[in-house]
Amino acid sequence: MYLLSNAIKNLERNKSRNALIAVVTLAIVMAAVVTLTINNAAARIIDTIRLDLGSRVEIRQDFIEMRQIGLGRDDAAFVPIASFMQFAESAYLRNSVFNAAMYAWSDSFRAVDDFSETPGSTTRINDNGEVVLVETSRLVGTSEPASLADFGSFREISQGRMFENLNEAIISEELAVQNALTIGDTITLSAAYSDGIVYTLEIVGIYADRTEPYVNFFLAMNGRFADNRRNEIITSFDTLIAGGWQTNAGLDMQVEYFLADPANITAFEAEVRALGLPITYNVAINQAAFDRVTGPLAGMHSAATTFMFIVLILGAITLALISYMAVRERKYEVGVLRAMGLERAKVAFGILAETVIIAAVCLILGLGIGNAISQPIADFILEGRVATANQEISETGGANRVLFAGGQMQTDDAAQGYTPASEIQISLEVAVILQIIAITLALAALSGIIGVVIISQYEPLKILRER
Amino acid sequence: MLALKNISYKYEGTTRTIFKDVNLEFSPGKVYTIVGKSGAGKSTLLALLSGLDVATGGEIVYNGENLAKINRNHYRARQMGMVFQSLNLIPTATALDNIVLSMNISGVGGNKTRALELLKTMGISPEKSRRKILKLSGGEQQRIAIARAIAHNPPLIVADEPTGNLDKETEGKVLKIFENIAHEQGKCVIIVTHSRRVTTIADEIWHVEKGIFRRFDGNVNAPQTQKRRRK
Ligand SMILES: Nc1ncnc2c1ncn2[C@@H]1O[C@H](COP(=O)(O)OP(=O)(O)OP(=O)(O)O)[C@@H](O)[C@H]1O
Ligand SMILES: [Mg+2]
């Protein structure tokens, strides 16, 4: 016990040296706390996103890739709607959300930005040189209204309700106002790229929309008002399919298949290929979206890891040097104690006790301070990284090309519409505390062992004579 | 109680033989003084007696046991108290802490009251006792070193030049204490000294020269070497 109290007294006796050791240790502990908590929080968020985006498989025809391997629009293959439904029965899935969108034409109302003489009378010349009517709207169908893009953020139902039954739909406020449409009115539409498919829909809700009307400049400039998002008419997937679709020719199927385990993607792909999915279709998670959403977090994660290794290595070297010098400085004291008959092991214990006490104090302080500053530091770093990422997104200008093949649309930016995750919630977890304790103990052991090794090399008489 | 049997000693890496076949015996209840020229080997002898160093030949027997074979840490901690020529106090610790620590190491247990009392008898006030060694005078430090050597009540006390920095009056007090420890408490006190006055309390005076120990009887005048070195 007296060894401990002597160790405590020694700490006070050699204040400045111990303060130096404490400062270095504290800096290491704090850096470790900050980086580890940030790393953990970032990793956890990335994992959550992976569970969502990383398990969300999309099966889509990839026109960009087709073009790269020399295939044209005529090579596009079409898949029966029934197959898309069949894929959803795979045992690898925990859930599936059916979405589809199609271009529609109507003369029963005037689309937003349609400046033709009578509604729906705008024409264009198609690939075969024929004059055809230009589509006026986009009909969107989903099996999961809760998962509709932008609802809850930029869109909300302002009148009426969400569709529930067959042949119910919601329209934008702008479209409603322009055509004096109200709840209970019906509209008729026909499919733009598939003959004979006609809808008569009852308006049950009207939504306020604060999204950008056009996803890119090109669409606006070319008068593609059907792509004005105010012209989206939203209904259930069942309603959309019930119009008479057999395959996805002319229909943009956007089924989201959620894997129970993201690792099973290849097995799932094999299964759907066996069920006849053509090779022009990709079975993939939206990696671009995943990367965009997690980019700043992942960057922060790896920067924090690098930073921590640098701090740990530099800190360990500094600490080793300081303890080496400290023990040499204390050689005489060690000689005195040994001359008085104190065993080597007890001298070592005393020195170790001093380092452990310093380490323990630094540990508690470091955990406290580190915990307090982690959140603001994380916010600060993430904010900067998100700003940079957003800057890059706006510089590339979002989706550049929109390709059409039988009513299917693809942009060259698969991450279109996704924004980087910009929130991080830091908390000091038990695992981190244990890691920090391990790091601190390792540091204490390092400096303690250096001390012990040095002192055990000297005979007391030698030390005393060297004075 | 403590006997040197045919002790020879040579510092490692040197050619000079400091001791050759030295035989000496120290008994409890007596004060021994060892005198001799500077460099004669007095401190070397004490290093051997304290077990800090090991003789190159012969053996030192303490209470029937060969010092080379017993746990010399225990021996140093419990059986003896040593006043080093260079004092060897812990400079950053207080006088009191130096003594309490030594008591703790010896196993008798640190006792502040006893330590303070002892320091007082050495002329160190409680206020000075709580000062760091660094902030005390040479003479004060010397008395603290003596107090440390006797604080744990060891049967054997070995002191190297313990009164070198003391004034006459203080030296007298300290000598009284050594005398008392030997003659009243029955301990063995071995003092290396250049001071003639110290030899006045000795039961036996030994002169060492060229590795040979010769005993003076009390009536003979101090040896020449001692006269020359007297301050
Ligand atoms: N570590 C050492 N290595 C080699 N020689 C040493 C060592 N220590 C002392 N000596 C030599 O051994 C001899 C005896 O030294 P010692 O310290 O025992 O003398 P001393 O009698 O105590 O002298 P003083 O009265 O000056 O204290 C001296 O000649 C000294 O130079
Ligand atoms: Mg000497």
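The values are calculated or read from the model by the stated rules, or taken from the named source; none is laboratory data. Every value quoted in this text rests on a predicted model; they were computed, and no experiment measured them. All Cβ positions, even for glycine, are placed from backbone atoms using ideal geometry, and neighbour counts span all protein chains on display. Ligands, DNA and RNA are excluded from the accessible area calculation, which covers all protein heavy atoms including side chains. Shrake-Rupley method; radii C 1.70, N 1.55, O 1.52, S 1.80 Å.
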(request) Sort out which residues of region B:54-89 are away from ligand 2 (no atom under 16 Å from the Cβ) and of a type in the set (A, V, I, L, M), and write them in order of number. (result) B:Val54, B:Ala55, B:Ile60, B:Val61, B:Leu67, B:Ala68, B:Ile70, B:Ala77, B:Met80, B:Leu89
(message) Can you say whether B:Ile7 is crowded, with 19+ Cβ neighbours inside 10 Å, away from ligand 2 (no atom under 14 Å from the Cβ) and farther than 23 Å from B:Ile150 by Cα, as far as the supplied structure shows?
(response) yes
(message) Please pick out the residue among A:Ile59, A:Ile69 that is without any contact (Cβ under 8 Å) to a residue 12 or more places away in the chain, hydrophobic (A, V, I, L, M, F, W, C) and not assigned by TED's automatic domain parsing to the domain that holds A:Leu240.
(response) A:Ile69
(message) Going through A:Ile183, A:Ile170 one at a time, which residue ends up being outside any helix (DSSP H, G or I) and open to solvent by 30 Å² or more (accessible area, probe 1.4 Å)?
(response) A:Ile183
(request) Taking the residues in region B:50-72 that are away from ligand 1 (no atom under 12 Å from the Cβ), surrounded by 19 or more Cβ atoms within 10 Å (Cβ to Cβ) and within 14 Å of chain A (Cβ to nearest Cβ) as candidates, determine which candidate is nearest to B:Trp206 (Cα to Cα). (result) B:Ser50
(message) Suppose we keep only residues that are within 14 Å of chain A (Cβ to nearest Cβ), free of Cβ contacts under 8 Å to residues at least 40 places away in the same chain and under 16 Å from the mean Cα position of the chain (by Cα) within region B:1-49. Which one would you say is nearest to ligand 1 (Cβ to nearest atom)?
(response) B:Thr44
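Taking A:Arg94 as the residue in question, decide whether it is modelled with pLDDT under 90, farther than 28 Å from A:Ile373 by Cα, open to solvent by 60 Å² or more (accessible area, probe 1.4 Å) and out of contact with any His (no Cβ under 7 Å at 6 or more places or on another chain).
For A:Arg94, the condition - modelled with pLDDT under 90, farther than 28 Å from A:Ile373 by Cα, open to solvent by 60 Å² or more (accessible area, probe 1.4 Å) and out of contact with any His (no Cβ under 7 Å at 6 or more places or on another chain) - is not met.
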(message) I'm told A:Lys331 meets every condition in (1) within 14 Å of chain B (Cβ to nearest Cβ); (2) open to solvent by 60 Å² or more (accessible area, probe 1.4 Å) except one. Can you identify the failing condition by its number?
(response) (2)
(request) Take region B:73-84 and flag every residue that is at the interface with chain A (Cβ under 10 Å from one of its Cβ atoms) and under 11 Å from the mean Cα position of the chain (by Cα). (result) B:Met80, B:Gly81, B:Met82, B:Phe84
(request) Restrict the check to region A:195-210 and report whether at least one residue is of a type outside the set (Val, Ile, Thr), crowded, with 16+ Cβ neighbours inside 10 Å and not in a strand (DSSP E or B). (result) no
(request) Of the numbered conditions (1) under 22 Å from B:Thr14 (Cα atoms); (2) within 16 Å of ligand 2 (Cβ to nearest atom); (3) touching a Lys or Arg at 6+ places or on another chain (Cβ under 6 Å); (4) not basic (Lys, Arg), B:Gly51 fails exactly one; give the number of that condition. (result) (2)
(request) Quick one: which strands (runs of 3 or more DSSP E) lie wholly within region B:139-231 and hold at least 2 residues that are at pLDDT 95 or above, away from ligand 1 (no atom under 16 Å from the Cβ) and within 14 Å of another protein chain (Cβ to nearest Cβ)? (result) B:156-160
